[in-house]
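Colleague: Sharing a structure here in structure tokens format.
The values are calculated or read from the model by the stated rules, or taken from the named source; none is laboratory data. Predicted, not measured: the structure shown is a model, and the values here were computed from it. Glycine also receives a Cβ, built like all others from the backbone with ideal geometry; neighbour counts cover every protein chain displayed.
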């Protein structure tokens, strides 16, 4: 459960944060905490004018919560602590005083969709289908919900939440506003991310900070809201329904 990494480098005033996990870039609690702290550090580092969030590999962007860790949770408080990791990452992205660009090179599930929607600007590969699978395993996208709904609207968020087993393709995500642009190959995606990052690095940081505050107006209560939502998920993950559903998903995946 502790395998994986979060790396950060600053080059040409761009902080590039890369996360990795061998299980389709899923996120166990230790990686969530490290990712949130790394984003906060990049936000406070005056050497960086913009943040790029990405994951390793050319397949899945992020498979969301680690099923191995979910199945090991044995109390509501432990469950809340785990899901609060996603809350911390989303709030770190929200409160960073500089723009966060997300590079989505492949499929995004659950918490991965939350990351894509919490960025200020998200560029994606044409293979980047999305799915909120939480209801299918007996939970619900409670923590990521506010970020997803803010980005794509209540109707599209409801569609993803209710139809929890069906993928929506990258074009759907672009039409709903989750993705700003789609790219046919990884090279083109990387070029577009680099071009935008360099453009923003040369922009007025004070202007970008003010714009960021405007973009996120109305979310000032999210520190408390997302922790409350983490408690909802933490309670549900203890249910027999959820434990059986997760085991079935793990069996299929295996």
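Colleague: Any idea which of (1) within 14 Å of residue 169 (Cα to Cα); (2) in a loop (DSSP other than H, G, I, E, B) is the one residue 98 doesn't satisfy?
Modeller: Unmet condition: (1).
Colleague: Here is a follow-up. Going through 202, 170 one at a time, which residue ends up being touching a strand residue (DSSP E or B) at 6+ places or on another chain (Cβ under 8 Å) and farther than 21 Å from residue 80 by Cα?
Modeller: 170
Colleague: Which of the residues belonging to region 18-42 are surrounded by fewer than 20 Cβ atoms within 10 Å (Cβ to Cβ) and within 23 Å of residue 190 (Cβ to Cβ)?
Modeller: Across region 18-42, the qualifying residues are 18, 20, 22, 24.
Colleague: So for region 147-157 (the condition being touching a residue at least 60 places away in the same chain (Cβ under 8 Å) and surrounded by 18 or more Cβ atoms within 10 Å (Cβ to Cβ)), does at least one residue qualify?
Modeller: Yes, there is a match, as at least one residue in region 147-157 is touching a residue at least 60 places away in the same chain (Cβ under 8 Å) and surrounded by 18 or more Cβ atoms within 10 Å (Cβ to Cβ).
Colleague: Tally up the residues in region 91-115 that are in contact with a helix residue (DSSP H, G or I) (Cβ under 8 Å, 6 or more places away or on another chain) and within 21 Å of residue 23 (Cα to Cα), please.
Modeller: 10
Colleague: Is at least one residue of region 136-145 crowded, with 24+ Cβ neighbours inside 10 Å, within 27 Å of residue 213 (Cα to Cα) and touching a strand residue (DSSP E or B) at 6+ places or on another chain (Cβ under 7 Å)?
Modeller: No: region 136-145 contains no residue that is crowded, with 24+ Cβ neighbours inside 10 Å, within 27 Å of residue 213 (Cα to Cα) and touching a strand residue (DSSP E or B) at 6+ places or on another chain (Cβ under 7 Å).
Colleague: For region 154-254, which fully contained helices (runs of 4 or more DSSP H) count at least 2 residues that are closer than 15 Å to residue 121 by Cβ and under 19 Å from the mean Cα position of the chain (by Cα)?
Modeller: Because the criterion is at least 2 residues that are closer than 15 Å to residue 121 by Cβ and under 19 Å from the mean Cα position of the chain (by Cα), the helices (runs of 4 or more DSSP H) in region 154-254 that meet it are 170-175, 186-201, 205-215.
Colleague: Now for a different question. Since residue 251 meets every condition but one in (1) within 27 Å of residue 105 (Cα to Cα); (2) at pLDDT 95 or above; (3) surrounded by fewer than 17 Cβ atoms within 10 Å (Cβ to Cβ), which condition does it not meet?
Modeller: (2)
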